[in-house]
Every structure is written in structure tokens, then in C-alpha cells.
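The values are calculated or read from the model by the stated rules, or taken from the named source; none is laboratory data. This one's a predicted model, so the numbers in the text were calculated from it and none came from an experiment. FYI the Cβ positions are ideal-geometry reconstructions off the backbone, even for glycines, and counts take in every protein chain you see.
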């Protein structure tokens, strides 16, 4: 375990705790507090992945940090912050009822943590795929498979299961992520 693992695990646990304190972590809390959202935080596959999967992937990715220059970090962080901010802004605008990150046209505390969590994870992923030369092939394979599956389930899968429709932007997101991941895998 390294610093990356523990930092991401701490952020993920903080999202769970802030959701529990807000009263929307469990289905019982959502019913008791008569929240307008349809689903509890704990019923969101992305929240589980944030705790059980992404810290492990981050730990694997962070093992390669010695290969990253300050310039590479800046080049990765800036677009990652922009992408995460735009995604969260879209959620604020659309007020999705399928997760606990947005309420009353604002991000919840869990939403603010998720904004940082997502930007940091996007940054690490960019560093791993674009700025790391000497990657263990097994690490590359498993990070690619697990990350691509996570993005697909958290976007396309949730649209189909919860919203009963296929959102074209979710499909495009999943396809772009898979294209980038597979491109690097076959390099």
C-alpha cells in the first residue's frame, strides 16, 4: 500500500460519511428523510467502486510516480479539473435523481469530495497512460480492464438500470475511455 491508495480510500470513505451525515446513504435514510432522490448513495455502483476498486487501482498507478515530471503532472491535472468540474456542473444542471452528489441545484458535501476525487483520479489515469513508459504489462492489462469496466457500469449501466434509457453522452464517454485505454494497452 502506498500514499495513493490511502489518499483515495480516505476520500471515498469521506464521501460515505458525508452521505450518512446528510441522511441519504441508505434506503432507510432516504425514506425517513423524505428526500426527493430515488436512490440512496449505497445503492450506487460508483460509490462502491470508489471504496473497493479505485483505491487499489490508484495504488498500482501511484507506484509509477517516479516517472512523472512536474510538467506531466500539470498537463494531466489541468484538463482533469476542467473535465470533472464540467461533469459536476452538468449534474447540477440536470439534477439527476440517481445519486447523492447533487441536491437543490448544488453539490452536496459528497459531491464536492467527488469532484476532487474524480479530478485526481483522471489526473493519475492520464499520467499512467500517457506519461509512464515502463509499465508492468500485467498492471497495464488489469488497470485497463477494471477501469474500463468501472466507467462502463457507472455510466451506461446506471443509465439503463435506473433511468430506463440509454443516454448517448454516457455511451460516448464509455467508448472514448475504452478507446484510450485499449490504445495504450496495444502500444
How many residues does segment 19-47 contain that are at pLDDT 80 or above and under 14 Å from residue 117 (Cα atoms)?
-> 1
Hits in segment 166-187 (condition: closer than 17 Å to residue 153 by Cβ and over 19 Å from the mean Cα position of the chain (by Cα)) | 166
Per the list (1) over 13 Å from the mean Cα position of the chain (by Cα); (2) without any contact (Cβ under 8 Å) to a residue 12 or more places away in the chain; (3) in a helix (DSSP H, G or I); (4) surrounded by fewer than 17 Cβ atoms within 10 Å (Cβ to Cβ), residue check on residue 142 breaks on (2)
Pairs with Cβ under 8 Å, 6+ apart, first in segment 53-74 and free of Cβ contacts under 8 Å to residues at least 60 places away in the same chain and on the phi < 0 side of the Ramachandran plot, second surrounded by fewer than 17 Cβ atoms within 10 Å (Cβ to Cβ) and part of a loop (DSSP other than H, G, I, E, B) | 59/1; 59/2; 72/131
Any idea which residue in segment 83-138 is nearest to residue 50 (Cα to Cα), counting only those that are in contact (Cβ under 8 Å) with a residue 60 or more places away in the chain and over 18 Å from the mean Cα position of the chain (by Cα)?
-> 103
Flag for residue 77 being under 30 Å from residue 1 (Cα atoms), surrounded by fewer than 17 Cβ atoms within 10 Å (Cβ to Cβ) and at pLDDT 90 or above | no
